[in-house]
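Enquirer: Sending over a structure as structure tokens; questions will come in a sec.
The values are calculated or read from the model by the stated rules, or taken from the named source; none is laboratory data. Keep in mind the model is a prediction, meaning the values are calculated, not measured. Reconstructed Cβ throughout: ideal geometry from the backbone, glycine too, with neighbour counts over all protein chains shown. Side chains included, ligands, DNA and RNA excluded: accessible areas come from the protein's heavy atoms. Shrake-Rupley method; radii C 1.70, N 1.55, O 1.52, S 1.80 Å.
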Amino acid sequence: MELNNNKSAAPTSNAPVPLASSRKINSQNSITDKHTSTSAEAKVALLYWVRIQLEDYIAANLIPSIQDFSRSWRTGVAFCLLIHRHNPAYIPDLFNTHLAMDLTEKNTWHQLLRLAFDLGTNKMGIQAYLEPEDLVDVDYPHEPSVMMYVSEYYKVMSKFQKEEPTNLKR
């Protein structure tokens with residue numbers, strides 16, 4: 001042990017410093033802040049990915065820009081368009097049949113969500129974490145649940161897009 005003339009300082013040793021004493025109190029980089037920051041970054045990144053996937057549909061005024069992982073998904077249109085973006089053959093009659101329905105009716109939302117969730121499960125291998133009622137029957141769907149479900153679409157679609165030959169990319 002080395003000599004220390006400062007009586008208020010703790011003697012130096014090889015013992016590990018407890019975690020609590022190594023953190024600053026009221027630090028701006030707390031563990032909670034890092035988790036929140038990471039979650040917020042993941043949310044923004046996933047939202048950005050969705051907007052890129054749907055940009056052609058947004059530009060064609062088929063859907064407004066996706067603003068969140070709650071109300072933007074209630075009608076089922078965003079889910080159907082994501083699936084159509086992935087493989088148009090999964091919903092060949094999307095535009096002339098499904099999107100021609102009255103999109104202000106909750107019954108239509110239920111039908112579109114059921115279609116999307118069934119196609120997600122049966123064609124894309126995505127486990128259905130949500131039911132249409134989870135989005136239709138509430139004013140503000142549970143954002144973390146919708147985000148988790150959309151992230152499953154991201155996993156499937158981004159894997160497919162990475163494997164897709166360059167000359168076939170959409």
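Enquirer: Output yes when any residue across the range 117-125 is of a type in the set (S, T, N, Q) and part of a helix (DSSP H, G or I), and no when none is. Quick ask: steps written out before the conclusion?
Expert: Start the filter on the range 117-125 by keeping residues that are of a type in the set (S, T, N, Q), which leaves 121-122.
Retained after the next criterion (residues that are part of a helix (DSSP H, G or I)): 121-122.
There is at least one residue in the range 117-125 that is of a type in the set (S, T, N, Q) and part of a helix (DSSP H, G or I).
Enquirer: Another question, then. Filter the range 53-88 for residues that are out of contact with any Phe, Trp or Tyr (no Cβ under 9 Å at 6 or more places or on another chain) and open to solvent by 70 Å² or more (accessible area, probe 1.4 Å) and give the result.
Expert: 55, 56, 59, 61, 64, 67
Enquirer: Working only within the range 136-157, note down all residues that are of a type in the set (A, V, I, L, M, F, W, C), free of Cβ contacts under 8 Å to residues at least 24 places away in the same chain and closer than 27 Å to residue 88 by Cβ. Talk me through it step by step, then tell me what you get.
Expert: We begin by selecting, within the range 136-157, every residue of a type in the set (A, V, I, L, M, F, W, C); these are 136, 138, 146-148, 150, 156-157.
Retained after the next criterion (residues that are free of Cβ contacts under 8 Å to residues at least 24 places away in the same chain): 138, 148.
Listed by number, the list holds a single entry, 148.
Enquirer: Only one of 115, 94 is within 12 Å of residue 79 (Cα to Cα), surrounded by 12 or more Cβ atoms within 10 Å (Cβ to Cβ) and in contact with a Gly (Cβ under 8 Å, 6 or more places away or on another chain); which?
Expert: On the way: 94 fails: in contact with a Gly (Cβ under 8 Å, 6 or more places away or on another chain).
Within the list 115, 94, the selection yields 115.
Enquirer: Under 8 Å between Cβ atoms, at least 6 apart or on separate chains: pull out the pairs that start in the range 85-104 with a residue that is within 18 Å of residue 117 (Cα to Cα) and without any contact (Cβ under 8 Å) to a residue 40 or more places away in the chain and end on any residue that is of a type in the set (Val, Ile, Thr) and part of a loop (DSSP other than H, G, I, E, B).
Expert: What qualifies is 98/91; 103/75.
Enquirer: Right, next: Between a residue in the range 40-66 that is over 20 Å from residue 161 (Cα atoms) and any residue that is surrounded by 13 or more Cβ atoms within 10 Å (Cβ to Cβ) and β-branched (Val, Ile, Thr), which pairs come within a Cβ distance under 6 Å, given they are 6 or more apart or on different chains?
Expert: If the second residue must be surrounded by 13 or more Cβ atoms within 10 Å (Cβ to Cβ) and β-branched (Val, Ile, Thr), the pairs left are 63/77; 65/58; 66/50.
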